[in-house]
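Colleague: What follows is a structure written as structure tokens; I'll ask about it next.
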Amino acid sequence: MTTVELFPADIYNQKTIQQGHPPGWTNRAGGDYDLVVLGGGPAGLVAAITAAAGGHRVAMTEQRLTGGTCVNFGCTPSKALIRCARAVHDAGRGAEFGFRLDGPPRTDFGAVMERVRRMRSLSSAGDAVQAVEQAGVEVYLGHTRFTAPNLVAVDGQQLRFRKAVIATGADPLTLPIDGLTTGEYLTNESVFSLTELPLRLVVIGGGPLGCELAQAFRRLGSEVDLVSATEHLLPRDEPEAGELIRRRFEHEGLRLHLGFRAVRAGGGRLTVQGPGGTREVPYDALLLGTGRQANIEHLGLEAAGVRFGRDGVEVDEYLRSSNPDIYAAGDVAFPQKFTHAAMATARLCATNALDGANRRARELVIPHCTYTDPEVAQVGLTPRQAREEGIPIDEYRLELAKVERAFIDGEEEGFAAMYARRGSGEMVGATLVAAHAGEMISELTLAMTHKVPLEVLAETVHCYPTQAEVFQRIALEYAKTRKTAATDEASGRMNR
């Protein structure tokens, strides 16, 4: 059986291991199952528990820790770190709110990381092996591989299935940087093993992972350089959002090297090349935050007749692979690599595979959020994507500086923009940059999922004062322009 270790070996990490991969766990002797799920992360857990709740016999296999990347190395520890960093930052703003400290806030990094590990252990309890077993799923721990189109082996045990779901997630993406070898850099996994604050941290990657951790470590006291091959931060989001985050980062003292590519590392120095020539960036720790790649190695996909490529398992619109009895969910197959997307696709896989639901993945409306400060959330199309797809849109927006609760809270930096199909109230996308954008974007996701027009949003009573009121105010402005347009049209007819 695979041995799992987390460092440092304190009580919280030991608790996480005990919950997610109990030492001494004995697998069953195998058998026949309605569904076998490969992977015990968010996608695997949801697929397995959904199927078990429907009365099916289900097995779930996991090589490392149940809960997967999200609970153990992603969402939970990173947000715990960000919360600590935000507390330090807010403490330094006391003069704005009428109090003063004797000096700048002092960070106890050891205590910060202990809290991160404690939060992880609390979060992993819900995904613990025993909790999954209690939900009616039979758990197998160990390496799993297909040995035939309807058969997998888990550390020597044979599991025959009627249907299967591959939910093995993704691993950190490495870069071919001259002089850089494994162990000389941090990833989203190893960074949470730190016990001492790096004095000089270099982060490679201007996407969500790189931006979130770069800002957090800067607020905790590190000198931070962020290197990105793209000329804009958060290149997949609306450019205006990335530009706002760039200004905030520079204001907080992060050094940005945008449009620069890392070419050499070693001896505590990173060589980068870009439009401004070559730069030498010193570091005490180097963090690779350049994304993730589908975890498909050593699964024996060929034996199962499952086609795969560079982006992972190839699936159709129902998330079914080239083997009609095998489906794939989450990061291993789906382009939107977010925990909530993994969970949503897992539900589709379970119900499509076992209940004949025949739901298409494109029916899902999936938002996403980058947890910088302010946060950047997006749902549906951006204006750039709408142009690429040939969809004409109208944009309606409001700066948060004009929203009372935002400036009362000192969180007026940001904006909300809602994109409607031209000439109608049908919303096709939205961008939100706000301190609590991740908490707010679900209202618009609900509206898009159920095709709620802006006219209805305008009539929906929102609590005052709240930052979420920004949506109603934008919708009211839309309704006013529509009323004006209708009046002008009627007047024109009368004049004719």
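Colleague: If you take every residue apart from L301 with its C-beta less than 11 Å away from the C-beta of L301, what net charge results, scoring Lys and Arg +1 and Asp and Glu -1?
Modeller: After counting each charged neighbour, the total is -1.
Colleague: Given H placed on each backbone N at 1.01 Å, which residues far from L254 in sequence or on other chains put an amide H within less than 5 Å of it?
Modeller: none
Colleague: Let me ask you something else. Read phi for every residue in the stretch 115-129 and hand back ³J(HN,Hα) as whole Hz from Karplus 6.51 cos²θ - 1.76 cosθ + 1.60, θ = phi - 60°, with x for Gly and Pro.
Modeller: With the stated coefficients, the stretch 115-129 comes to 5, 4, 5, 5, 5, 5, 5, 5, 5, 5, 4, x, 10, 4, 3 Hz.
Colleague: Calculate the FRET efficiency for F7 and E455 from the Cβ-Cβ distance with a Förster distance of 56 Å, rounded to the nearest 0.05.
Modeller: Taking R0 as 56 Å, the efficiency between F7 and E455 is 0.50.
Colleague: Towards the positive end of the charge dipole of the chain, with charges on Cβ (+1 Lys, Arg; -1 Asp, Glu), say which of Q134, F7, F407 has the farthest Cα.
Modeller: Value computed over the given set: Q134.
Colleague: Please compute the Kirkwood hydrodynamic radius over the stretch 83-237, one decimal place, Å, based on all pairs of different Cα atoms.
Modeller: Kirkwood hydrodynamic radius for the stretch 83-237: 19.9 Å.
Colleague: How big is the charge dipole of the chain about its Cα centre, in debye rounded to the nearest 20, if each Lys and Arg gets +1 on its Cβ and each Asp and Glu gets -1 on its Cβ?
Modeller: 420 debye
Colleague: Could you tell me what percent of the accessible area of the stretch 112-213 is made up of carbon and sulfur, with a 1.4 Å probe and every protein chain present?
Modeller: Solvent-exposed carbon and sulfur of the stretch 112-213 make up 51 percent of the total.
Colleague: Read phi for every residue in the stretch 323-328 and hand back ³J(HN,Hα) as whole Hz from Karplus 6.51 cos²θ - 1.76 cosθ + 1.60, θ = phi - 60°, with x for Gly and Pro.
Modeller: 8, x, 8, 10, 10, 9
Colleague: Where the only charges are on Cβ atoms (+1 Lys, Arg; -1 Asp, Glu), what is the dipole of the stretch 257-357 about its Cα centre, to the nearest 20 debye?
Modeller: In debye, rounded to 20, the stretch 257-357 gives about 540.
Colleague: Also, I was wondering about something else. Sequence-distant or interchain residues sharing an amide H contact under 5 Å with Y283, placed H: which?
Modeller: R269, L270
Colleague: Counting only C-alpha contacts under 8 Å and six or more residues apart, can you give the relative contact order of the stretch 1-135 as a whole percent?
Modeller: With pairs under 8 Å counted, the relative contact order is 32 percent.
Colleague: Which one is right for this structure if percent of Cα pairs over 42 Å apart is calculated from it: (i) 18; (ii) 24; (iii) 14?
Modeller: Calculated percent of Cα pairs over 42 Å apart: the matching label is (ii).
Colleague: While we're on this one: Sorted from largest to smallest, which semi-axis lengths in Å does the alpha carbon gyration tensor of the stretch 1-131 give for its equivalent ellipsoid, taking the root of 5 times each eigenvalue?
Modeller: Square roots of five times the eigenvalues give 40, 17, 9 Å.
Colleague: Hey, what D do you get for the stretch 145-199 in µm²/s if you plug the Kirkwood alpha-carbon radius into Stokes-Einstein at 37 °C and 0.692 mPa s?
Modeller: 214 µm²/s
Colleague: With θ set to phi - 60° and the Karplus curve 6.51 cos²θ - 1.76 cosθ + 1.60, what are the ³J(HN,Hα) couplings of the stretch 360-374 in order, to the nearest whole Hz, using x for Gly and Pro?
Modeller: 8, 5, 5, 6, 6, 9, 10, x, 8, 8, 9, 9, 6, 10, x
Colleague: At a threshold of 8 angstrom on Cα-Cα distance, excluding pairs fewer than six apart, so keeping six or more, what relative contact order does the stretch 252-407 reach in percent?
Modeller: Relative CO of the stretch 252-407 lands at 10 percent.
Colleague: Can you report the principal axis dimensions of the stretch 268-310 using only the alpha carbons, biggest first, rounded to whole angstrom?
Modeller: Taking max minus min along each principal axis of the Cα atoms, the stretch 268-310 gives 49, 25, 11 Å.
Colleague: Name every cysteine in the chain that ends up alone, with no second cysteine's Cβ under 4.7 Å, or say none.
Modeller: Lacking a cysteine Cβ partner under 4.7 Å: C84, C211, C349, C369, C463.
Colleague: Hey, another quick one. Tell me the mean residue ellipticity at 222 nm calculated for the chain from its helices only (DSSP H runs of n ≥ 4, each -39500 (n - 2.57), averaged over every residue, nearest 500).
Modeller: Computed ellipticity for the chain at 222 nm equals -10500 deg cm²/dmol.
Colleague: Expressed as a whole percentage, what fraction of the accessible surface of the stretch 1-49 belongs to carbon and sulfur atoms when a 1.4 Å probe is rolled over the protein heavy atoms?
Modeller: Looking at the stretch 1-49 in its full context, I get 57 percent from C and S.
Colleague: Now for a separate question. Restricting attention to the alpha-carbon atoms of the stretch 53-98, what are Rg (one decimal) and Dmax (integer), both in Å?
Modeller: 19.5, 61
Colleague: On to the next question. Find the percent of Cα-Cα distances in the stretch 186-298 that exceed 20 Å, and round it to a whole number.
Modeller: Counting every Cα pair in the stretch 186-298, those more than 20 Å apart make up 39 percent.
Colleague: Per residue, how large is the accessible surface of the chain? Use a 1.4 angstrom probe and give square angstrom.
Modeller: Each residue of the chain exposes 46 Å² on average to a 1.4 Å probe.
Colleague: If you don't mind, another one. Within the stretch 298-416, what whole-number % of the accessible surface is contributed by carbon and sulfur, with the 1.4 Å probe and all protein chains included in the calculation?
Modeller: 48 percent
Colleague: Which of K451/K480; K79/K451; K79/K163; K15/K163; K337/K480; K337/K402 have a Cα-Cα distance over 27 Å?
Modeller: Beyond 27 Å: K79/K451; K79/K163; K15/K163; K337/K480; K337/K402.
Colleague: Cα centroid distance between the stretch 157-228 and the stretch 271-338, in Å?
Modeller: 14 Å
Colleague: Right, here's the next one. Cα-based Rg (one decimal) and Dmax (whole number) for the stretch 371-418, in Å?
Modeller: 13.4, 40
Colleague: Follow-up question, since we're still on this one. Find the relative contact order for the chain and round it to a whole percent, using C-alpha pairs within less than 8 Å whose residues are 6+ positions apart.
Modeller: 13 percent
The values are calculated or read from the model by the stated rules, or taken from the named source; none is laboratory data. Computed from a predicted model, the values in this text were never measured in an experiment. As a convention, Cβ positions derive from the backbone with ideal geometry for all residues, glycine included, and neighbour counts pool all protein chains shown. The protein model used for the area step is the full one, side chains on, heavy atoms only, and it has no ligands, DNA or RNA in it. Shrake-Rupley method; radii C 1.70, N 1.55, O 1.52, S 1.80 Å.
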